[in-house]
Amino acid sequence: MAALSHIDHWIFDLDNTLYPAHSALFPQIDRRMGLYIQRLLNVDPIEAHRIQKELYHSHGMTLPGLMALHNVDPHDFLANVHDVDIDVLRPHPELGDLIARLPGRKYIFTNADAPYAERVLERLGLTHAFDGLHDIHALDYVPKPQPPAYTHMCAAHGINPKRAMFVEDMARNLTPAKAIGMTTVWIDNGSEQGPGSDRDHIDFIINDLATFLGQVLEQVETA
C-alpha cells in the first residue's frame with residue numbers, strides 16, 4: 001500500500017459507498033425519480049427513464065437538469081425522491097469506529113441532501129464518525145463530477161486536496177478529485193461499470209471499505 005501518512009482529511013461519498021451497493025435503498029430513489037418525472041412532464045415510465053438518464057449524463061445528476069429545463073424546486077424534488085425506507089440498510093457501527101480512528105477530519109461529500117444523508121448515517125451507526133457534511137445545497141446544485149464541486153467543497157472546509165483521500169463508488173467522480181491532487185479510492189462494487197483501461201486517476205481499487213480502512217489504520221497507526 002502506498003504511503004498515506006500525509007493524509008489528514010478523509011472524504012467519503014454516501015450512497016453505495018458507506019453501505020453495500022446491493023442494498024435495496026438506491027433503487028427506491030431511482031424509482032421515485034422516475035415517478036416524479038412522470039408526474040411533472042406527463043410522460044410514460046419509459047420516456048421518464050430516458051429523460052432521467054439523459055439529464056444524469058448531461059448535468060451530473062438529474063436535479064440540476066430539471067431545475068434548468070423545467071424550473072423544478074430542488075427542495076420539493078429531494079423531499080420526494082428521498083422519501084424511502086431507510087430500514088433496508090443494515091447498521092454497521094464497526095465501520096463507524098474505523099472511520100473515527102482515522103487521523104484528521106472526516107467528511108461526507110454527496111450529491112444528496114443533508115436531511116437524507118443524516119438519516120442514512122444514523123441508520124448505519126456512523127453519525128459520530130464525521131466532522132462535516134457537504135451536500136447538494138452547499139454545492140449550489142453544481143454536483144459531482146463537475147470540477148467546481150470539488151474546489152468548492154475543499155474551500156468550504158479548509159481542505160488541502162493534496163492531503164486528502166476521497167472514497168467513491170463512481171469512478172467518473174474520482175477524475176476531478178485526482179486532478180486537484182487528492183488520493184483516490186474506487187469501490188468496485190457493481191454500482192458503476194468499471195473505468196475501462198484508463199485508471200490513471202484511481203490510486204486504490206477496493207471491494208470492501210471496512211477491510212480497506214483496517215489496512216489503512218495498520219499503516220498510519222504504526223507509522
Helix 209-220 vs. the chain, principal-axis angle (Cα, 0 to 90°, nearest 10)
30
Computed from the beta carbon distance with a Förster radius of 25 Å, FRET efficiency for E54 and D208 to the nearest 0.05 stands at 0.15
Quick one: pull the percent of accessible area on region 86-197 belonging to carbon and sulfur, 1.4 Å probe, ligands and nucleic acids left out.
51
For a paramagnetic label modelled at 7 Å from the Cα of L69 toward its Cβ, which residues of region 114-158 fall within the zone defined by backbone nitrogen distances under 17 Å?
143
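Keeping all protein chains in place, calculate the accessible area per residue for the chain (probe 1.4 angstrom), answer in Å².
Values: 10360 Å² over 223 residues.
On a per-residue basis, the chain sits at 46 Å².
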Where does each of 81-92, 63-74 land if you order them by average Cβ count within 10 Å, highest first?
63-74, 81-92
Alpha carbons only, please: Rg and Dmax for region 65-107, in angstrom.
17.2, 45
First check a/c for region 61-192, with a ≥ b ≥ c the square roots of the eigenvalues of its C-alpha gyration tensor; if it is under 1.5, answer rounded, and if not, answer prolate when a/b is larger than b/c or oblate otherwise.
oblate
D200-E218 pseudo-label distance in nm [points 7 Å out on the Cα-to-Cβ vector]
3.2
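Between R163 and D140, what is the FRET efficiency for a Förster distance of 30 Å, r being their Cβ-Cβ separation, to the nearest 0.05? Let's see the in-between values first.
Details: r = 25 Å, r/R0 = 0.83.
Efficiency, from the Cβ-Cβ distance: 0.75.
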Just the number, please: carbon plus sulfur as a percent of the accessible area of region 1-66, 1.4 Å probe, no ligands or DNA/RNA counted.
59
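The values are calculated or read from the model by the stated rules, or taken from the named source; none is laboratory data. Just so it is clear, the structure is predicted and the values come from calculations on it, not from any experiment. Backbone-built Cβ (ideal geometry, glycine too); neighbour counts: all protein chains shown. The protein model used for the area step is the full one, side chains on, heavy atoms only, and it has no ligands, DNA or RNA in it. Shrake-Rupley method; radii C 1.70, N 1.55, O 1.52, S 1.80 Å.
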